[in-house]
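Here is the structure we will look at.
The values are calculated or read from the model by the stated rules, or taken from the named source; none is laboratory data. Nothing here was measured: the structure is a model prediction, and the numbers come from that model. Using ideal geometry, Cβ is built from the backbone for each residue, glycine included, and neighbour counts are taken over all protein chains shown. The area values use the complete protein model at the heavy-atom level, side chains included, leaving out ligands, DNA and RNA. Shrake-Rupley method; radii C 1.70, N 1.55, O 1.52, S 1.80 Å.
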Amino acid sequence: MSSLLPYLPQLMVAWGAYLIATASPGPAVLAIIGTSISRGRSSGVALALGVLTGSYIWAMLTAAGLSALIRSYGQALVILKMAGGLYLLWLAFNALRAALRKEPPRDIAENEVAPSLHRLYLKGLGIHLTNPKAIFNWIMLVSLGMPKDAPVGVTAAFIAGCMVLGVAVFTGFALLFSLGAVNRVYRKARRGIEGAMAGFFAFAGLRLLTAKL
């Protein structure tokens with residue numbers, strides 16, 4: 001523990017940056033919110049856990065030297081950028097299709113086959129693994145929280161702290177937006193919410209496809 005004390009101020013800055021980045025609206029957060037409102041607590045948590053898994057896969061890879069690998073094989077990042085943009089456009093299409101349905105929300109709940117928790121988990125994993133911004137965020141965070149030649153314990157403490165914060169934020173969104181009062185608001189404004197999500201996913205997908213890396 002004493003070996004971490006010299007690095008604690010730097011770790012606190014990195015954890016603060018991670019908290020802000022995690023809680024800021026983005027494809028993952030909006031997907032968790034939308035799923036929690038429309039499908040309930042367990043579905044929202046399943047998707048949130050998928051997002052968290054993707055986040056910490058990037059964390060471990062970045063800590064293991066992914067940034068150097070990216071510099072050597074930049075073409076792979078271009079492929080990932082294209083895949084991420086197309087995936088977001090696919091999410092936009094599904095959200096738009098849901099928004100265009102005219103039947104009441106209760107009929108949707110009765111007639112639709114809800115996606116399994118496993119499928120929602122994979123959806124969350126896909127959102128994060130196909131997002132190049134997640135890589136750059138982790139490269140930035142690792143440079144903030146893990147100075148050169150820092151001991152292995154600092155790396156472990158940094159990633160563990162981010163895991164705790166990520167669980168609190170992502171599952172917190174899922175739990176909050178699955179509350180009954182929030183669900184009733186969704187039933188009244190379902191088409192508008194789904195339409196807004198479709199617009200956001202489409203915007204994010206197009207930005208990702210056209211952005212320069």
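Which number in (1) farther than 19 Å from THR35 by Cα; (2) at pLDDT 70 or above marks the one condition that ALA68 misses?
In the conditions (1) farther than 19 Å from THR35 by Cα; (2) at pLDDT 70 or above, ALA68 misses (2) alone.
Assuming PHE136 fulfils every condition listed in (1) open to solvent by 70 Å² or more (accessible area, probe 1.4 Å); (2) at pLDDT below 70; (3) not aliphatic (A, V, I, L, M) apart from one, which condition is it?
Going through (1) open to solvent by 70 Å² or more (accessible area, probe 1.4 Å); (2) at pLDDT below 70; (3) not aliphatic (A, V, I, L, M) one by one, PHE136 breaks only (2).
For region 171-192, enumerate the residues that are part of a helix (DSSP H, G or I), open to solvent by less than 40 Å² (accessible area, probe 1.4 Å) and at pLDDT 85 or above.
Scanning region 171-192 gives THR171, GLY172, ALA174.
If a residue has to be under 15 Å from ARG97 (Cα atoms) and either touching a residue at least 60 places away in the same chain (Cβ under 8 Å) or open to solvent by less than 50 Å² (accessible area, probe 1.4 Å) (or both) to count, how many in region 193-213 make the cut?
Filtering region 193-213 for residues under 15 Å from ARG97 (Cα atoms) gives 193-202.
Those left that are additionally either touching a residue at least 60 places away in the same chain (Cβ under 8 Å) or open to solvent by less than 50 Å² (accessible area, probe 1.4 Å) (or both): 193-195, 197-202.
Result for region 193-213: 9.
Considering only region 143-170, how many residues are part of a helix (DSSP H, G or I), modelled with pLDDT under 75 and surrounded by fewer than 21 Cβ atoms within 10 Å (Cβ to Cβ)?
3
Quick check: is even one residue across region 3-22 crowded, with 20+ Cβ neighbours inside 10 Å and closer than 24 Å to HIS118 by Cβ?
Yes: region 3-22 contains one or more residues that are crowded, with 20+ Cβ neighbours inside 10 Å and closer than 24 Å to HIS118 by Cβ.
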